[in-house]
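The block underneath contains the structure these notes are about, expressed in structure tokens.
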Amino acid sequence: MDNLDLAEVILAGHSFGGLLTCYLTANFPQRVSKCVVMDSGFMHPSVKEIIKPSLDRLGQRIPSWEAYRDAVKSSAYWQGYWDTAVENYYHADVQTNHDGSVQARSRPTAIAEAIDKALAEPWESIFGQVQQPTLMLHALGPFGGPGAMPVLPAAQAKETVNALPNGRYKAVPGNHMTMLFGDNAETVAQEIMTFLEEC
């Protein structure tokens, strides 16, 4: 923020970015006026198992971009939500190798390490230090096929909001990923605008 010459900001983050939003706000409260936390909070102890299909994909080398795209597109958590924006999101995250094969730039080991370290943080204390108005946007949709859990189960989402001194809860359509695209993204944007206008 200093390098950008920003004295005070509204912080927003999705997933790990939501945890980072709260961590930064707790440690630099004078620099943050409001927070938006999207599908992030007290993590389910089995979060690595919940996102395992995504982590497994990240470690693979796929013969072509088209094969990679088709594999991701067929994932249960994307059914009915694929569009150009989603495709561009994934295309930006792959590197093309000399032989035409592709692999994700995101590394599953780095994500697993971030999860392990996040699980070890004293989140109840951190969330309790966030005095700023904070909006929790929670995607209730399953992260997988029928019967799969959301990445952030309802109990953890509600527990997080209760730990935030000025927390507000809003359920939004979609799952952990689809909340960010298409009509769901419009709903998320509207909820954020309403929150910023009211606080």
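Quick notes on this structure:
- Exposure proxy order (Cβ contacts within 10 Å, fewest to most) of 15, 33: 33, 15
- Formal net charge of residues neighbouring residue 80 (Cβ-Cβ distance under 13 Å; K, R +1; D, E -1): -1
- Relative contact order for the chain: 24 percent, from Cα pairs under 8 Å spaced at least 6 residues apart, divided by residue count.
- Convex hull volume of the chain per residue (C-alpha atoms, cubic angstrom): 131
- Fewest-first sequence of 16, 42 by Cβ atoms within 10 Å of each Cβ: 16, 42
- In the chain, helical runs assigned H by DSSP with n ≥ 4 each contribute -39500 (n - 2.57); averaged across all residues and rounded to the nearest 500, the mean residue ellipticity at 222 nm is -12500 deg cm²/dmol.
- Approximating the spin labels as points 7 Å out from Cα along Cα→Cβ, the residue 189-to-residue 61 distance works out to 4.0 nm.
- Over region 49-104: Rg over Rh, Cα atoms, Kirkwood Rh: 0.96
- From least to most packed, judged by other beta carbons within 10 angstrom and beginning with the fewest, 193, 38 follow the order 193, 38.
No value in this document is a laboratory result; all are computed from the given coordinates. Remember, predicted model here, so these are calculated numbers, not experimental data. Cβ sites come from the backbone with ideal geometry, for glycine too, and all protein chains shown count toward neighbours.
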